[in-house]
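Have a look at the structure below before the remarks.
Every number in this text was worked out from the coordinates using simple rules, so none of it is lab data. Note that the coordinates shown come from a computational prediction; the quantities given were computed from them, not determined experimentally. Glycine also receives a Cβ, built like all others from the backbone with ideal geometry; neighbour counts cover every protein chain displayed.
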């Protein structure tokens, strides 16, 4: 039976893409990513924070399992940076499927840092607090700048602790005590609520955003206008942020962003090759029949 490239079983194509993705991931290959200035801006914003002077960081995980490869990896590198700076973090979400990540990501980062720095401790209640998923959507975001006492607004964390009893919230009263807003999502309309409402007339926290690859063009509008101060562009943004962490912390235990970015790049190359190859064979076949 004669093989016809134009009638190739699509499952073979899927298998090639799967192979292209899995080989770098299994072997933990990591190619240095392209430089992204938007990620550098995000890094520099976090790097200027000082826990005593700048208050708390408000970090919003508005993503679920379907976006975790990009948004979760972005969140992980930023949370690591904040923990290295010893900036207390309040984790929050408008999206119910984000709840597992609000617990797992800070714990994962804290364990990795404690392995890197034996004898140092990052602990819940002091270095981070999980406010959990909150219903109300943009209404809860609107209430934050209006509140005169954020401890009273949120009352308790996801574990049932009174926020007034936790060291991380000891000096947190109003929006002015939030030095940084870091928000990670690929959901339509969620990021916009923070841009519109997470500010007062005379104060707006520094704002860094992590978006999925498909929403990068929309996010750049806010970066260019100055409404956000830094941007992570998909998995590539996380990979470049990770490179910056490696350069500033030589003993750092690597995260997975570089490997994931490499696997994605290899898969893209395979797809591009198949597209070019398919079109060239179609062109030659057409000429042969003329």
Worksheet entry | Distance in nm between pseudo-label sites at residue 44 and residue 213 (7 Å out along the Cβ direction from Cα) | 2.7 nm
Fill in: In nm, spacing of pseudo-spin labels at residue 164 and residue 29 (7 Å Cα→C-beta vector)
5.8 nm
Discussion item. How tilted is helix 257-289 with respect to the longest principal axis of the chain? Cα atoms for both, answer in degrees (0 to 90, nearest 10).
Written reply: 30 degrees
Practice prompt. Arrange the peptides 10-23, 165-178, 189-202 so that the one whose residues have, on average, the most other Cβ atoms within 10 Å appears first.
Written response: 165-178, 189-202, 10-23
Item to complete: Mind sorting out which of (i) 70, 39, 37; (ii) 53, 49, 30; (iii) 78, 42, 33 is the real Cα extents along the principal axes in Å computed from the coordinates?
Response: (iii)
Worksheet item: With r defined as the distance between the Cβ atoms of residue 286 and residue 22 and R0 fixed at 51 Å, what FRET efficiency is calculated, to the nearest 0.05?
Response: 0.90
Worksheet item: Normalised by the number of residues in segment 172-225, what is the relative contact order in percent for Cα pairs under 8 Å and 6+ residues apart?
Response: 43 percent
Worksheet item: For the chain, what does -39500 (n - 2.57) per DSSP helix run (n ≥ 4), summed and divided by total residues, give at 222 nm, in deg cm²/dmol to the nearest 500?
Response: -15500 deg cm²/dmol
Practice prompt. Under 1.5 on a/c is rounded, so check that first for segment 1-124, then, if it is not, pick prolate when a/b is larger than b/c and oblate when it is not; a ≥ b ≥ c are the square roots of the alpha carbon gyration tensor eigenvalues.
Written response: prolate
Worksheet item: Can you give the angle from 0 to 90° between the axis of helix 234-248 and the longest principal axis of the chain, with both taken from C-alpha atoms, to the nearest 10?
Response: 60 degrees
Worksheet item: How high is the FRET efficiency between residue 152 and residue 279 when r is their beta carbon distance and R₀ equals 51 Å, given to the nearest 0.05?
Response: 0.20
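So if each residue of separation counts as 0.36 nm, and I subtract the Cα-Cα distance between residue 139 and residue 123, what length gain in nm does that give?
2.7 nm
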